[in-house]
Amino acid sequence: MSRKLLANQQAIRFYSSTYNSIYESIKIKLQNHLKNHEFQFKAHHHTYSDTSIRNQHKISGDGLWSPTLHFEKNQLSPSSSSLYSSLSSTSELDQTNCNNDKPRRVTVIGGGSWGSAISKVIAGNVTKYPDLFDPEIVLYLRDENLRLVIEKTRVNIRYLQIKLPTNIKPVSDLKEAISRSDVLIFAIPHEYIKDVCFKIPKRSILTPRPVGVSLIKGLHIDGNGNLERTTQIISRMLDIPVGALSGANVALSVAKEEFSEATLSPPLPSSPKVDEMLNKLFATSYFKISTCYDTPTVEICGALKNVISCGAGIIDGIGYGVNTKAAAIRAGIRESIRFVSIFHPEYKLSTFFENCGIADAIGSSFGGRNRKVIEQFVKSTKSLAVLEREILGGQKLQGPSTGEVVNRLLDNRNLCDQFPFFTTIHRICNREEEPRAILKALELSC
Ligand SMILES: NC(=O)c1ccc[n+]([C@@H]2O[C@H](COP(=O)([O-])OP(=O)(O)OC[C@H]3O[C@@H](n4cnc5c(N)ncnc54)[C@H](O)[C@@H]3O)[C@@H](O)[C@H]2O)c1
Ligand SMILES: O=P(O)(O)OC[C@H](O)CO
């Protein structure tokens, strides 16, 4: 990859002979840098075919793709030199094992329903691409007894009643599970991610330097009361680049090979080789992958849809039909966009039209576990913990705990009034309001 960065009075132009993805990662770096220096900029992005400019800057090759970032204010600070050097430095991903040509070893961390289903997908793909991947994948699960059952029967009897391929090796020792891995896939409920990362050594002392992909749908609050996403936590705690995969993906349907889609946000700054490798790791004829570099929105959509589907469960619980549920999904999407615009102002609206956005909110509002449990919660006096145990038998609800985090983040900024739908769902799940309060919230949320 050849990179050249130029600054002049009007613009910074970044020339790259590779892909859009690089432009996205550079744009994010520039945005972060300029945010620190209180600069505003507008990004335009077009093909530059002017041969005199190409000759002037010794750029060669056909089909040169050259985005240009134009700055609104023409005031680059002296410290911009640090920006130039950071942009031209070797990408973090170049330093990981995923960027070499050795077959990568893959570990899925989390042997619940989604970890098991995605292991089946991945196990098929590592066999299909022997040059890219080690033919055996590791599935880490905490429970040694369950590990023995899976090893013997090939079925994760507690979480997913589907036969798993023989090239999935179940392992219940975390250090052993990750010790030789180049790709770490995280598929545990968000509540446990810090505990699990705490038990994994940092990349600096891991011998293959892995990349991570989070399949986790949930949000967190950092020490200052601000939003922290799961990819940020993993990246911070393990010092590895981490991407995300999210979509309308009920585990059993994916395991049964029913056609599904998912949105992949590869780790940034982007590397075409790693992007392609991850695509091949996940994509099948029945599991269609689209790439989207707006990672924060992809992750936040995945978490907020769990709150939306609790809203759908409340609608079912009070006995209302699809008109009201459709209105609830729309209110949830509207508040999700509002939420993302506050917590990630550089978001792209188009991300909501990827599978991780509206599609997942719809799918979960009809077929998800949150919907199912919350419907019964509304119809009974039982606690969420009891219903989770009775209905899900060991699987975990993510919606109410995400609603709690969302509520705290909004409360910290005095924003609850602007989010009547999310706020009311949270209060209903705490039994602080009657379930029918959701109808008033729908009116207010318009
Ligand atoms: N199940 C799905 O259909 C699906 C689909 C897409 C994404 N996801 C997301 O994937 C993530 C994993 O969910 P899941 O549905 O596979 O889980 P699950 O509810 O099926 O299983 C529970 C998981 O939690 C683990 N666990 C329980 N207590 C733990 C503890 N104290 N410490 C560490 N781990 C503990 C269990 O070992 C198990 O892996 C979640 O963020 C979920 O939102 C799930
Ligand atoms: O069963 P849920 O409600 O946890 O949803 C599962 C998946 O996230 C659906 O995409």
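The values are calculated or read from the model by the stated rules, or taken from the named source; none is laboratory data. In this text the structure is predicted, and so the values were computed from the model without any measurement. Quick reminder, even Gly has a Cβ in these numbers, built from the backbone with ideal geometry, and neighbours come from all protein chains shown. Side chains included, ligands, DNA and RNA excluded: accessible areas come from the protein's heavy atoms. Shrake-Rupley method; radii C 1.70, N 1.55, O 1.52, S 1.80 Å.
In the full protein context, region 302-445 carries 42 Å² of accessible surface per residue, based on a 1.4 Å probe and ignoring ligands, DNA and RNA.
Please give the net charge around Lys379, taking every other residue with its beta carbon less than 12 angstrom from that of Lys379, where Lys and Arg add +1 and Asp and Glu add -1. Local charge sum for Lys379: 0. As a fraction of the 1.4 Å probe accessible area of region 302-445, surface on carbon and sulfur atoms comes out at 50 percent. With 26 Å as the limit on Cα-Cα distance, the pairs of Lys152/Lys273; Lys169/Lys396; Lys128/Lys372; Lys120/Lys382; Lys152/Lys217 that go past it are Lys152/Lys273; Lys128/Lys372; Lys120/Lys382; Lys152/Lys217.
The residues of region 97-293 expose, per residue, 39 Å² of accessible area to a 1.4 Å probe. Evaluating 6.51 cos²θ - 1.76 cosθ + 1.60 at θ = phi - 60° for every residue in region 406-422, the Karplus couplings come out as 4, 4, 5, 4, 5, 4, 4, 10, 6, 10, 4, 4, 7, 10, x, 5, 4 Hz, glycine and proline recorded as x. Taking amide H as placed 1.01 Å from N in the peptide plane, the amide H of Glu433 sits under 5 Å from that of Ile428, each at least 5 places away or on another chain. Taking amide H atoms as placed 1.01 Å from N in the peptide plane, the amide H of Ile221 lies under 5 Å from those of Glu228, each 5 or more residues away in sequence or on another chain. Rounded to whole numbers, the Karplus 3J(HN,Hα) couplings from phi for region 224-237 are 9, x, 9, 5, 10, 8, 4, 4, 5, 5, 4, 4, 5, 6 Hz, using 6.51 cos²θ - 1.76 cosθ + 1.60 with θ = phi - 60°, and x at Gly and Pro.
Amide H contacts under 5 Å for Ala244: Ser214, Ser265, restricted to partners 5 or more places along the chain or on a different chain, H placed in the peptide plane at 1.01 Å from N.
In terms of the Cα gyration tensor, with a ≥ b ≥ c the square roots of its eigenvalues, is region 97-293 rounded because a/c is under 1.5, prolate because a/b exceeds b/c, or oblate? Can you show the working numbers first?
Values: a/c = 1.27, a/b = 1.17, b/c = 1.08.
Since a/c stays below 1.5, the shape of region 97-293 is classed as rounded.
The string of couplings for region 112-129 from the Karplus curve (6.51, -1.76, 1.60, θ = phi - 60°) is x, 5, 6, x, 5, 5, 6, 4, 5, 4, 5, 4, x, 6, 5, 6, 6, 10 Hz, one whole number per residue in order, with x for Gly and Pro. Decide, for region 111-158, between rounded, prolate and oblate: order the square roots of the alpha carbon gyration tensor eigenvalues as a ≥ b ≥ c, take rounded if a/c falls under 1.5, and otherwise choose prolate if a/b is larger than b/c, else oblate. Prolate shape, in that a/c is at least 1.5 and a/b is the bigger ratio.
Could you please put Tyr347, Tyr320, Tyr140 in sequence from largest to smallest accessible area, using a 1.4 Å probe?
Tyr320, Tyr347, Tyr140
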